[in-house]
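To start, the structure under review is shown below, and the notes come after it.
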Amino acid sequence: MVIKIKNHHPQRFLVPGADGKMHIVASSAPKLRFAPRTPKQEAAVAAPAEPMAQVQQTRVARKVSRDTPPNIPFLRFESIAGRGGMAVVWRAWHRELNRPVAVKVLDPKFSNTEQDVRQFMMEVRTMSNMHHQGIVQGYGADIADGRYYFIMDYVDGYTFGSLLLRKSHIPESDVLIVGESVADAMKYAWDTFGVVHCDLKPENIMVDRDGTIKVTDLGLCQSTAVIQNKEQPSEVVGSPAYISPEQIYGDVELDCRADIYCLGATLYHMATGRILFPLLDNDAILRAHVNEKIQAPDPRFVIPSLTEGFARLVANMCVKNRDYRYQTWDEVFNDARMVEEGGLPTLHASEAVSSIQFQLALGI
Ligand SMILES: Nc1ncnc2c1ncn2[C@@H]1O[C@H](COP(=O)(O)OP(=O)(O)O)[C@@H](O)[C@H]1O
Ligand SMILES: [Mg+2]
């Protein structure tokens, strides 16, 4: 059965239940209560924010640390919501909007060059221009105390990265919902704005209190306008565990197929609890992504109860040669939906699911 993504507004949500498991609920159904936080999370959230007076005193005494929020009069910083490689994200109270917001404060070492600032502004513009329930909404940016910051909707939930730290893996039915939701959101980003996220991974996909799945962190995103700018130096951007071969080679214009590969690697990690190529160092992982002899392993090698349909979906998303990968987000969405309904997507390439090749290449 072919389902048109165009009319799709995700009607099902992934909601963490009180039993610690994720549950699928229909949007019309009463929303389940948000799962209680673990004691460690509770302690982190309950930690009192550093009072502003103290912040200002300490700023005189020591160099501004990553964990000190900038002084922005209309914001009251409350707690750290999360950290990434380039920024600290704060939960803050917006005095004018009278509601909490998330404030991404860029690490000063990532705002040294014109290129850094241009990329940051690209993230700000992209997240502010896009209006989709599957993408965190941005509002604008400025500079305070010499640091760039960016205000966006606060997602009262968690990332799948943190969920994977607590659970060994996530049930297939839930992973498929993540796949469909992200495919829907990224289809909007690609079709409407020509935007490639470039860094889809569990840490950049969040689930909100009501179970809505939201993509965040467009800090490495590229748009077709920029990609086609020949002056732009091509450099490896992305996270080693999930990056597509063409991002590693850096020799072609990126398109939505790069994100499809990243999402495939992400879904594999979510469903198995292991990254696609669990090798010792980043260089080895990058080599495995581009080595035609090391195909994406069959996830059933790790979790035998996963369906063949799911294994095919991931295999099709993680084909190394993008010409044999899914070509559009519609294809990803439709096949994920088909797998959810017990169907079996057609395998795309001769690069079939091959855990045996993978094991041979790794010498195991
Ligand atoms: N809108 C948001 N609401 C709540 N927490 C967020 C939000 N955006 C990001 N975070 C948290 O902050 C972390 C780092 O944010 P991210 O934008 O990914 O920064 P980086 O570019 O440094 O990776 C995320 O992994 C998540 O835990
Ligand atoms: Mg991030």
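The values are calculated or read from the model by the stated rules, or taken from the named source; none is laboratory data. What you see is a predicted model, and the numbers here were worked out from it, not measured in a lab. Quick reminder, even Gly has a Cβ in these numbers, built from the backbone with ideal geometry, and neighbours come from all protein chains shown.
Numbers for the structure displayed
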item: Extreme residue, surrounded by the most Cβ atoms within 10 Å (Cβ to Cβ), among residues of the stretch 291-312 that are of a type in the set (A, V, I, L, M) and either under 21 Å from Gly343 (Cβ atoms) or modelled with pLDDT under 95 (or both); result: Ala296
item: One residue from Glu203, Glu180 being more than 9 Å from ligand 1 (Cβ to nearest atom), in contact (Cβ under 8 Å) with a residue 12 or more places away in the chain and either assigned to a helix (DSSP H, G or I) or surrounded by fewer than 23 Cβ atoms within 10 Å (Cβ to Cβ) (or both); result: Glu180
item: Selection from the stretch 147-177 of residues that are touching a strand residue (DSSP E or B) at 6+ places or on another chain (Cβ under 6 Å) and more than 10 Å from ligand 1 (Cβ to nearest atom); result: Arg147, Tyr148, Tyr149, Asp174, Ile177
item: Residue among Asp259, Asp251 that alone is in a helix (DSSP H, G or I), among the acidic types (Asp, Glu) and under 30 Å from Phe193 (Cα atoms); result: Asp259
item: Test: residue in the stretch 219-239 that is of a type in the set (A, V, I, L, M), within 18 Å of the chain's Cα centre (by Cα), in the same structural domain as Arg274 (by TED's automatic domain parsing) and at pLDDT 95 or above; result: no
item: Qualifying positions in the stretch 248-273 - within 13 Å of the chain's Cα centre (by Cα), among the aliphatic types (A, V, I, L, M) and within 27 Å of Arg166 (Cβ to Cβ); result: Leu263, Ala265, Leu267, Met270
item: Looking only at the stretch 190-200, and only at residues there that are part of a helix (DSSP H, G or I) and farther than 11 Å from Asp259 by Cβ, the one that is nearest to ligand 2 (Cβ to nearest atom); result: Phe193
item: Every residue from the stretch 79-106 that is in a loop (DSSP other than H, G, I, E, B), within 16 Å of ligand 2 (Cβ to nearest atom) and either surrounded by fewer than 17 Cβ atoms within 10 Å (Cβ to Cβ) or in the same structural domain as Leu218 (by TED's automatic domain parsing) (or both); result: Gly85
